[in-house]
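What follows is a short report on a single structure.
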There are 2 protein chains.
Amino acid sequence: MPVPRGSTIDPERTRATILRAATAVLYERGLDGVGVAELCTRVGVSKETLYRHFGTKDKLVEAMLVERSDHVTRWLADVVADAGDDPHDQLTALFGALQEWYDDPVFRGCAMLNAATQHHVEAVRAITARHLDHYLRLLTGIAERAGAARPEILGRQLLMLAEGATLVATHQSTTDVGAHALQAALALLPTTDQAALPRAM
Amino acid sequence: MPVPRGSTIDPERTRATILRAATAVLYERGLDGVGVAELCTRVGVSKETLYRHFGTKDKLVEAMLVERSDHVTRWLADVVADAGDDPHDQLTALFGALQEWYDDPVFRGCAMLNAATQHHVEAVRAITARHLDHYLRLLTGIAERAGAARPEILGRQLLMLAEGATLVATHQSTTDVGAHALQAALALLPTTDQAALPRAM
DNA sequence: CATGGATCGTACCGATCGGTTCGATCCATG
DNA sequence: CATGGATCGAACCGATCGGTACGATCCATG
């Protein structure tokens, strides 16, 4: 019995559909760039349904951002995990994945940072802060495996590079952002064999 | 006769006052976070006056961003110029200035990047792109003086670091962002005497 | 087949938005 | 002192916003 108790059509599926479709529209156009009416049209759902599931546009946005943050965090963690144990390979895989993201036609920067910049609501800022903490933790782990004397500092420097790369890819029309960020990231690793790097600089 | 022909009270001064006060309010609360009515109250001017000087809220925003971009660009260029000829000293001065900015209670990130994220208007995106170009040019100049084989690449990497540092300072409550970014930036310079750096990493 | 929750479509609400208008006031100039 | 541009303050406008209400419809369950 996959259908919930005493209901029809499966509300859970409806909620998931709203979340997925609304995420795409609000990411492309901005949180304040599309009203609830048009949002419902795009999603293919009535206003009453949307409001019964989320109560408020802000709540929808928060649910959306939490899911997105978790998805991105899991994605990057998987990319790193699949790259083996070498921090060099892990960073290569990470910035390679970021570059693929930058090349996606729908790429419009980090959804959480965009939201925190657009919406001055405390809950949104909290979600963004949590997202950056997860990001920082992933990079600090790489810094530890690389044998950094101060992995929390190197982790934060790698975070600046990764977020800076995303920012530049968002606002400048440029190629090879990921490759250049990777090159800089590798240069920050302790006792790295520089001769093994492409001599692009 | 400092007062313009055939007028009273000095409109130029009024315009400058509006621009300055509106910049502070819109930077703190966001471009869409305060309406024109409240904006006029805060600035201390009537709506008719504001609209006669700028015609549109969007035009006011654009004028504001252009002035802000020019101001920031001039500020950073002066900081670098006053630091002498050594790229090491120039980066130290640059990230030191950025850190002072981060410590300012009214600091809320880069106004141009915030605006480009909030307002999906082409003119705003153009101003932001121009601002990043100026920023990139300044850093590429430092990269050239440092003797980088590919100064345009090193310049872009320094831009990622600087903007990434600003981003982290905006969204994470952390200290020493400027110092850590500086340390990373110096590590990217070619043939730098690493022993002279603080061994913090 | 009847019930009732889920959904739809639409009309509606109050609030706020960007922008306009207008009469009153201020003040440097002629 | 009279003129006229700059400014004020408040009323006003149409549009849009987030959110609600309601009758009709759909459909899995009992």
**Message:** Go through segment B:102-120 and report how many residues are touching a residue at least 24 places away in the same chain (Cβ under 8 Å) and either within 21 Å of B:Gly155 (Cβ to Cβ) or within 13 Å of chain A (Cβ to nearest Cβ) (or both).
**Reply:** 11
**Message:** Could you list, ordered by first residue, the pairs with Cβ atoms under 7 Å in which the first is in segment A:27-45 and touching a residue at least 60 places away in the same chain (Cβ under 8 Å) and more than 7 Å from DNA strand D (Cβ to nearest atom) and the second is open to solvent by 40 Å² or more (accessible area, probe 1.4 Å) and assigned to a loop (DSSP other than H, G, I, E, B), at least 6 apart or interchain?
**Reply:** A:Tyr27/A:Arg108; A:Glu28/A:Val106; A:Glu28/A:Arg108; A:Gly30/B:His120
**Prompt:** Conditions: (1) more than 9 Å from every other protein chain (Cβ to nearest Cβ); (2) in contact (Cβ under 8 Å) with a residue 40 or more places away in the chain; (3) over 12 Å from the mean Cα position of the chain (by Cα). B:Ala148 meets all but one. Number of the miss?
**Reply:** (1)
**Asked** So B:Tyr51 fits all but one of (1) within 14 Å of chain A (Cβ to nearest Cβ); (2) within 9 Å of DNA strand C (Cβ to nearest atom); what number is the exception?
**Response** (1)
**Item:** Within segment A:12-26, tally of residues that are within 13 Å of DNA strand D (Cβ to nearest atom) and within 26 Å of A:Leu136 (Cβ to Cβ)
**Value:** 1
**Prompt:** Does A:Ala195 count as at pLDDT below 95 and either open to solvent by less than 30 Å² (accessible area, probe 1.4 Å) or not β-branched (Val, Ile, Thr) (or both)?
**Reply:** yes
**Fill in**
Within segment A:126-143, the residues that are surrounded by fewer than 16 Cβ atoms within 10 Å (Cβ to Cβ) and farther than 28 Å from A:Ala187 by Cβ are A:Ala126, A:Ala129
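Among the listed residues A:Ala123, A:Ala181, which satisfies the condition of being in contact (Cβ under 8 Å) with a residue 12 or more places away in the chain and in contact with a Leu (Cβ under 6 Å, 6 or more places away or on another chain)?
Going through A:Ala123, A:Ala181 in turn, just one is in contact (Cβ under 8 Å) with a residue 12 or more places away in the chain and in contact with a Leu (Cβ under 6 Å, 6 or more places away or on another chain): A:Ala181.
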**Request:** Using the structure shown, decide if B:Ala126 is modelled with pLDDT of 95 or more and within 12 Å of chain A (Cβ to nearest Cβ).
**Result:** yes
**Asked** For B:Thr140, which of the numbered conditions (1) within 26 Å of A:Arg125 (Cβ to Cβ); (2) without any contact (Cβ under 8 Å) to a residue 24 or more places away in the chain fails to hold?
**Response** (1)
**Item:** segment B:152-192 - residue that is open to solvent by less than 20 Å² (accessible area, probe 1.4 Å) and assigned to a loop (DSSP other than H, G, I, E, B) and, of those, nearest to the other protein chains (Cβ to nearest Cβ)
**Value:** B:Gln172
**Item:** B:Leu113 being at pLDDT 95 or above, open to solvent by less than 20 Å² (accessible area, probe 1.4 Å) and within 27 Å of A:Arg108 (Cα to Cα)
**Value:** yes
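The values are calculated or read from the model by the stated rules, or taken from the named source; none is laboratory data. Bear in mind that the values here come from a model prediction, so they are computed numbers and not experimental data. Note that we place each Cβ from the backbone using ideal geometry, even for glycine, and neighbour counts take in every protein chain shown. Areas reflect the complete protein model, heavy atoms only, side chains present, ligands, DNA and RNA absent. Shrake-Rupley method; radii C 1.70, N 1.55, O 1.52, S 1.80 Å.
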